[in-house]
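Heads up, the thing below is written out as structure tokens.
The values are calculated or read from the model by the stated rules, or taken from the named source; none is laboratory data. This is a predicted model, so every value here is computed, not measured. Here the Cβ positions follow ideal geometry from the backbone for every residue, glycine too, while neighbour counts run over all protein chains shown.
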Amino acid sequence: MQKNKENKITPRPPVVVVMGHIDHGKSTLLDYIRKTNVVDGEAGGITQSISAYEVLHKNEKGEDQKITFLDTPGHEAFSKMRERGAIVADIAILVVSAEDGVKPQTVEAWKTIVEAKLPVIVAINKIDKPGANIEKTKQTLAENEIYLENYGGKTPFVEISAKIGTGVDSLLSLILILAEMENFTENTGEDASGFVIEAELDSKRGIQATLIIKNGTITKGMTVIVEDSICSTRMIQNFKGVTVDSASPSTPIRLCGFDKLPKVGAMFKTFKNKKGAQEYAESWKIEQNQKGEKNKSDIKTSEKKADKKIIPILLKADVSGSIEAIEKEIAKIKCKGVDGKANDNAEFRIISKGVGPISESDIKNISNSEAAIIIGFNVKADKSAIEMAEKRGITISFFDIIYKMTEFLEEQMEQRRPRVETVETTGKAKIIRAFSRTKERQIIGGKVTEGRMLLNGTVKIMRREFEIGRGKIVNLEQAKAKTSVVEEGLEFGMMIESKIEVASGDVIELFSIAQK
């Protein structure tokens, strides 16, 4: 690329995203590379927040070069986060276990990489395991149209053990070679821009976000804008939590002090003065309002048409990435009828969501919503919130593993879905004679024409094919002997309890009501 007059366009470090199936060793690989541990304490062994890390590795000339790594969760629920990671990244590492081979999430990750048109390196991991079969892994990759170098394709690969470090140096060297070939550049003279990787509410520091700079330089005193969320760069921290005065492209940084939670995955821009940032935020709001007005009438119309039960949910989570993943899981839960097939009789609707602990105001806000479900994911509830919830008979459910939360919500859907009453006719009888009547009880005689008559059964009284009333069989006899059932084709004597007087020629229909 031709340099500009001020010579500000220079090579920049690559941003690398690590992808693949859960348990194939992505976090272990990053742990080995950066010599810290992110695995311990992760619920269910799942890394549930994107994080960014910077490492140094010597190139072929023996010079230290930076590489920025993004750690994306492998769990299926976090596919949006993986997609976002792929957009932010320059190079992808697809980790595949030499023990397990290709799994569904491996294929999904590969599709994301291909769609994002990212240069990719396949890391065949766990080669130290007794059950490792490298050749078979290459074969299963080829069967899924992932063709490695010298194996029918051009995708570079490295055989590694993330646990003991075998081949990791070769992987890092290959990343630097690929980065040099791709010629990633930056313009340090521009104001910084890039993407929001994570955002959260810290009880002590307020709203903070992790950003990846893709172009330009950020310095103290600038203003960062993400859509309509604004933050001053009074304090810039690097990935280690150390305060720095400036940061250049491919660098992960953390800023705190946003006036509202920025949207994860959104692009950020920087301005040297706050006025420019505020003008940008206002123009963004106007644009969004115009889009919103167009859709508002359509949404109202569709809600009127949709005759279904809405089950409200209040959702609080530790980070916004978790909220995004949980929303995706909730959208998958469908109401099922008695036949097990999905229908539109009920749906979950998230009426409120946010990052941080469940507060008293959260409980107040949903008190008007009938039987709302409150979910806390990797968060706690304030004492005042718990007291208010108990007082109002509201249950708060806490989870730290997504599939446990999904199972709970599926049970709630089954319990709360609308039941349909079905009336099933189980017997019919023709009334031959009507005898004495005392108050609301009457003795009648007849013959069962279909099904059976049952003692204590409820019947419809039909006259000329119209229902004129209902009654209950309080006594039943056949051949002058008391019985509890009279089968089809047999005559009977019966005492029926009903406000309606039964006449000869009427038909009584025995029925049952089932909730389905």
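When you scan the range 167-182, do you find a residue that is under 30 Å from the mean Cα position of the chain (by Cα) and not in a helix (DSSP H, G or I), even just one?
No, the range 167-182 contains no residue that is under 30 Å from the mean Cα position of the chain (by Cα) and not in a helix (DSSP H, G or I).
The test for being surrounded by fewer than 17 Cβ atoms within 10 Å (Cβ to Cβ), touching a strand residue (DSSP E or B) at 6+ places or on another chain (Cβ under 9 Å), in a loop (DSSP other than H, G, I, E, B) and in contact (Cβ under 8 Å) with a residue 60 or more places away in the chain holds for GLY189. Taking residues in the range 464-481 that are in a strand (DSSP E or B), and partners anywhere that are of a type in the set (Lys, Arg), the pairs with Cβ atoms closer than 6 Å and at least 6 places apart or on different chains are GLU467/LYS460; ARG470/LYS460.
Applying the criterion of being in contact (Cβ under 8 Å) with a residue 40 or more places away in the chain and out of contact with any helix residue (DSSP H, G or I) (no Cβ under 8 Å at 6 or more places or on another chain) to the residues of the range 376-402, the residue that is nearest to LYS316 (Cα to Cα) is GLY376.
Kindly establish whether GLY321 is at pLDDT below 85, in contact with a Phe, Trp or Tyr (Cβ under 8 Å, 6 or more places away or on another chain), within 24 Å of GLY206 (Cα to Cα) and surrounded by 15 or more Cβ atoms within 10 Å (Cβ to Cβ). Considered against the rule, which asks whether it is at pLDDT below 85, in contact with a Phe, Trp or Tyr (Cβ under 8 Å, 6 or more places away or on another chain), within 24 Å of GLY206 (Cα to Cα) and surrounded by 15 or more Cβ atoms within 10 Å (Cβ to Cβ), GLY321 comes out as yes.
To keep it simple, each residue is scored yes or no on (1) small (Gly, Ala, Ser); (2) modelled with pLDDT of 80 or more; (3) over 26 Å from ASP400 (Cα atoms); (4) part of a loop (DSSP other than H, G, I, E, B).
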residue: MET1; (1), (2), (3), (4): no, no, yes, yes
residue: ASN4; (1), (2), (3), (4): no, no, yes, yes
residue: THR10; (1), (2), (3), (4): no, yes, yes, no
residue: PRO13; (1), (2), (3), (4): no, yes, yes, yes
residue: ASP23; (1), (2), (3), (4): no, no, no, yes
residue: LEU29; (1), (2), (3), (4): no, yes, no, no
residue: THR36; (1), (2), (3), (4): no, no, no, yes
residue: ASP40; (1), (2), (3), (4): no, no, no, yes
residue: THR47; (1), (2), (3), (4): no, no, no, yes
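Hey, could you check the range 265-290 for residues that are in contact (Cβ under 8 Å) with a residue 40 or more places away in the chain, of a type in the set (Lys, Arg) and under 18 Å from THR233 (Cβ atoms) and say which is surrounded by the fewest Cβ atoms within 10 Å (Cβ to Cβ)? It comes out as LYS272. Might you check whether a residue that is closer than 25 Å to THR251 by Cβ, among the basic types (Lys, Arg) and assigned to a loop (DSSP other than H, G, I, E, B) occurs anywhere in the range 122-129? Scanning the range 122-129, I find no residue that is closer than 25 Å to THR251 by Cβ, among the basic types (Lys, Arg) and assigned to a loop (DSSP other than H, G, I, E, B), so the answer is no.
Taken as a whole, the condition of being in contact with a Phe, Trp or Tyr (Cβ under 7 Å, 6 or more places away or on another chain) and farther than 23 Å from PHE69 by Cβ does not apply to ALA132.
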